[in-house]
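Encoded as structure tokens, the structure appears first; notes follow it.
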Protein chains: 2
Amino acid sequence: MSHPGATASDRHRVVIIGSGFGGLNAAQALKKADVDIKLIARTTHHLFQPLLYQVATGIISEGEIAPPTRLILRKQRNAQVLLGDVTHVDLEKQTVDSILLGHTYSTPYDTLILAAGAGQSYFGNDHFAEWAPGMKSIDDALELRGRILGAFEQAERSSDPERRKKLLTFVVVGAGPTGVEMAGQIQELADQTLKGSFRHIDPTEAHVILLDAAPAVLPPMGEKLGLKAKARLEKMGVEIQLNAMVTDVDRNGITVKDKDGTLRRIESACKVWSAGVQASPLGRDLAAQSDTEIDRAGRVKVNPDLSIPGHPNVFVIGDMAFVDGVPGMAQGAIQGGKYVANIIKTEAKAREHGTIPKPRAPFKYFDKGSMATVSKWNAVAKVGKFEFSGFFAWLAWLGLHLIYLVGFKTKIATLLSWAVTFLSRQRGQLTITEQQAYARTRIEELEEIAASVQETEKAAS
Amino acid sequence: MSHPGATASDRHRVVIIGSGFGGLNAAQALKKADVDIKLIARTTHHLFQPLLYQVATGIISEGEIAPPTRLILRKQRNAQVLLGDVTHVDLEKQTVDSILLGHTYSTPYDTLILAAGAGQSYFGNDHFAEWAPGMKSIDDALELRGRILGAFEQAERSSDPERRKKLLTFVVVGAGPTGVEMAGQIQELADQTLKGSFRHIDPTEAHVILLDAAPAVLPPMGEKLGLKAKARLEKMGVEIQLNAMVTDVDRNGITVKDKDGTLRRIESACKVWSAGVQASPLGRDLAAQSDTEIDRAGRVKVNPDLSIPGHPNVFVIGDMAFVDGVPGMAQGAIQGGKYVANIIKTEAKAREHGTIPKPRAPFKYFDKGSMATVSKWNAVAKVGKFEFSGFFAWLAWLGLHLIYLVGFKTKIATLLSWAVTFLSRQRGQLTITEQQAYARTRIEELEEIAASVQETEKAAS
């Protein structure tokens, strides 16, 4: 589509920040555009975040949900993938600064798409993160895999009933889809996969608590489906505590404030945080240089065309953007990415032909519905006014996730992993590394704490 | 099996240290013995070490070669798996001390099997390890995966031709099976899997150097096969440097001393060490308390029955033991484990019946041969006097490795991964985590080094 003789420098330069659903879909939708795309991301992979909980609980490998972005875009000759952590966008100079292992780079753009996503939010209590990791990256998932399985391992060796109880109590904070899926999967892991493999403890005695400050499970899916999911989780053995606000998280447990104001303590070694999100700090960076506003979650309040005030060539999509009526889910990012790519294509063609492009139509989100798996064979789904639950919702979940996974091999491998897990109760990815299991980064600190406690136990078993 | 009414404490207590080929096979061979087994290991998994290089180069996932030991032994009711790092064996008190996240445990034994394996040896230059990790654990493999792929990523962003060359030069030290397999796989990764996925560099220009202080490739396999492997690697593009001794390893490369005494420098960002092994320090621990001797590699010089002098109830097997004529390979450990288990079973029966057991026959190693893959479709194998190479040796390699992999699901998953890689040139496990890619543990140090260098580069691309 390039004119004969056009060089890269002649081309309209599109820089995309982020390789998630938004960034990747924007890049792919620009496949046939006569533009020069640079996609800069912090990770080398495109992460299929909705299945991260399955990596954390040993069902699938990280490779199945995180293929390298550059291999996905290998054949798209107008796109280049660059690894780097974007530290600053300069709206005046039209450059993006990034850093990779101490080397800094500055990349100029004509059009910029910010799709850097969101991280976990601890609502101002960032010290919770150490003892209750979030579920936002492959690293998070592997860290949690190590913590979950590591808790069982430590319990097997302990002769102290209180410590064992603490180690076998798992708390998941936040009863959205990720929290519901994590709680259900930890329970199934304990009851089915690990059953019978310990001699001193019974892993099926593991106690999984799902709690939320809100009064319902899966609030965006409505009362009926929320109650169905709740009932199903309770039947599996998950304890659900609603109207329960976390006020503190430490090494040994969490402190919770109930609706009546009473504070209580849950002793638990392994905590998972899935309670809130905080958009990429790049939103704040934009706000500091323009009339752009951000909301409390750090999301950028975009124009109807997803651009920012005063900068029609700077778009913000996905979890970084606040658009009324668009949920922070994959579909919002995918549709945003395609919408913005379409504007860029249209305007590039107009430039080519020397015509004036049509005014931009505002972004319209098409609600394809939402779903969450509760356990194997069981999911809840909402599409428009229609609500489904149980086995058929689960089948729909299975099919849709397979369709959206990138790559044929990935689909086959994931299907195989699922077959193993759903049919045999085994899980193929329970390996924990020392980096995660004992958190090599944290081990010295832990040893220090432990030494001061000096809880030398006799061999419990 | 157990007498009616016998309690665990009545039973003969067998403690096994290590969950590798030796420890796992010893435990499994004691399945029907009336003994109480505790297997203590530093990792939760049994590692199929011969395929570690495939994890490092993105062919298979860690779960495929490292299933949890406790799930392998789930149905073996006389065995308990315990996670812990063994710090000391007390031969007089007959106890094993171990530590798990700061908690210390002491486990008594009647019979002890040490099968703690070996780590990488840097021949007294432990500071090499930081810049040339070994290939002994899942952590090592994932770290190397991150370094190998990370080097290409950094090269894509660099505008400095010298730095790019350094980043695209990979040095594998040690031309044994692991070194040969790593060198071949890095070359195939660059030439086939990554081909066409970069815009600023050509990954097929990556330069892989395999070097060894010895004058041959794969010395234990004999001259003929060594030359075949060498020729095949060279045809693939691997540069082989023999009689080349590494005298220094640093961040930016290695220093090599050739046979004629000249020193020369190879600039290389990513180095892999597979040059030597050092047995577990527990051998030294035994030597300090008994008449046990250890060799320079830290291996225990065992009696003909694999016990140590003066302690007929303490056995050392696998890579920790030195037995004349037994190579440090899986088969040596497997056969050692089964042999020792057999002694324990025989003597347990004799105790049960109040008879005197037969004197122990010495351990005899049955050489099942050895093999190494050089590239896809190509391997070298030696069984007794017979030597094979090429496609049929590769098929034999494929079949044997599938047979020895633990678990049906693992075999299927691995076969699928291989099909993808060998038939399509794709690889399903190229995901790198931040922990590995940027070595979270090391990043601050690197940033510091980088800041002092202040090589601010313009966007190369």
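Scanning segment B:207-220 for residues that are touching a residue at least 60 places away in the same chain (Cβ under 8 Å) and either surrounded by 22 or more Cβ atoms within 10 Å (Cβ to Cβ) or not in a loop (DSSP other than H, G, I, E, B) (or both) yields B:Asp212, B:Leu218, B:Pro220. The combined condition, being in a strand (DSSP E or B), in contact (Cβ under 8 Å) with a residue 24 or more places away in the chain and small (Gly, Ala, Ser), is not fulfilled by B:Ala379. Within segment B:142-167, the set of residues being among the acidic types (Asp, Glu) and more than 10 Å from every other protein chain (Cβ to nearest Cβ) comprises just one member, B:Glu162.
Has segment A:168-189 got any residue that is away from chain B (no Cβ under 12 Å), assigned to a loop (DSSP other than H, G, I, E, B) and either aromatic (Phe, Trp, Tyr) or surrounded by fewer than 23 Cβ atoms within 10 Å (Cβ to Cβ) (or both)? Yes: one or more hits. Would you check if A:Thr247 is more than 20 Å from A:Phe21 (Cα to Cα), over 24 Å from the mean Cα position of the chain (by Cα), at pLDDT 95 or above and hydroxyl-bearing (Ser, Thr, Tyr)? So A:Thr247 does not fit the description; no. Looking at A:Asp305, A:Asp324, A:Asp291, just one residue is outside any strand (DSSP E or B), at pLDDT below 95 and acidic (Asp, Glu), and that residue is A:Asp324.
What do you reckon, is A:Ile266 out of contact with any Leu (no Cβ under 8 Å at 6 or more places or on another chain), in a strand (DSSP E or B), among the β-branched types (Val, Ile, Thr) and modelled with pLDDT of 95 or more? So A:Ile266 fits the description; yes. For B:Ala116, are the conditions met, namely being under 28 Å from A:Glu156 (Cα atoms) and not polar (S, T, N, Q)? The answer is yes for B:Ala116. Listed conditions (1) within 12 Å of chain A (Cβ to nearest Cβ); (2) surrounded by fewer than 24 Cβ atoms within 10 Å (Cβ to Cβ) are all met by B:Thr204, apart from (1). Any residue at all in segment B:120-141 that's in a strand (DSSP E or B), more than 8 Å from chain A (Cβ to nearest Cβ), under 12 Å from the mean Cα position of the chain (by Cα) and farther than 30 Å from A:Asp160 by Cα? Taking every residue of segment B:120-141 in turn, at least one turns out to be in a strand (DSSP E or B), more than 8 Å from chain A (Cβ to nearest Cβ), under 12 Å from the mean Cα position of the chain (by Cα) and farther than 30 Å from A:Asp160 by Cα.
Any residue in segment A:86-106 that is at pLDDT 95 or above, within 27 Å of A:Ser274 (Cβ to Cβ) and buried (at least 20 other Cβ atoms within 10 Å of the Cβ)? The answer is yes; a qualifying residue exists.
Condition check ((1) free of Cβ contacts under 8 Å to residues at least 60 places away in the same chain; (2) farther than 23 Å from A:Met329 by Cα; (3) in contact with a Pro (Cβ under 6 Å, 6 or more places away or on another chain)) across all residues:
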residue	(1), (2), (3)
A:Asp10	yes, yes, no
A:Gly20	no, no, no
A:Leu52	no, no, no
A:Gly63	no, no, no
A:Pro68	yes, no, no
A:Leu82	yes, yes, no
A:Thr104	yes, yes, no
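Of all the numbered requirements in (1) assigned to a helix (DSSP H, G or I); (2) basic (Lys, Arg); (3) more than 8 Å from chain A (Cβ to nearest Cβ), B:Arg70 misses one, and that requirement is (3). In summary, A:Arg164 fulfils each of the numbered conditions (1) part of a helix (DSSP H, G or I); (2) under 26 Å from the mean Cα position of the chain (by Cα); (3) within 25 Å of A:Asp250 (Cα to Cα) with the single exception of condition (2).
Inclusion of B:Gln454 among residues that are surrounded by 21 or more Cβ atoms within 10 Å (Cβ to Cβ), more than 7 Å from every other protein chain (Cβ to nearest Cβ) and modelled with pLDDT under 50 is not warranted. All of (1) over 30 Å from B:Ser61 (Cα atoms); (2) surrounded by fewer than 23 Cβ atoms within 10 Å (Cβ to Cβ); (3) touching a residue at least 24 places away in the same chain (Cβ under 8 Å) hold for B:Ala118 with one exception: (1).
Listed by first and then second residue, the pairs linking a residue in segment A:295-306 that is under 13 Å from A:Ala118 (Cβ atoms) to a residue that is among the polar types (S, T, N, Q), with Cβ atoms under 7 Å apart and 6 or more places separating them unless they lie on different chains, are A:Ala297/A:Ser121; A:Ala297/A:Gln278; A:Gly298/A:Gln278; A:Val300/A:Thr292. Just one of the listed residues (B:Ala361, B:Ala372) is part of a loop (DSSP other than H, G, I, E, B) and of a type outside the set (D, E, K, R), and it is B:Ala361. With respect to the stated conditions, A:Val55 is within 30 Å of B:Glu64 (Cα to Cα) and more than 9 Å from every other protein chain (Cβ to nearest Cβ).
The values are calculated or read from the model by the stated rules, or taken from the named source; none is laboratory data. Owing to the predicted nature of the structure, the values given are computational and were not obtained by experimental measurement. Backbone-built Cβ (ideal geometry, glycine too); neighbour counts: all protein chains shown.
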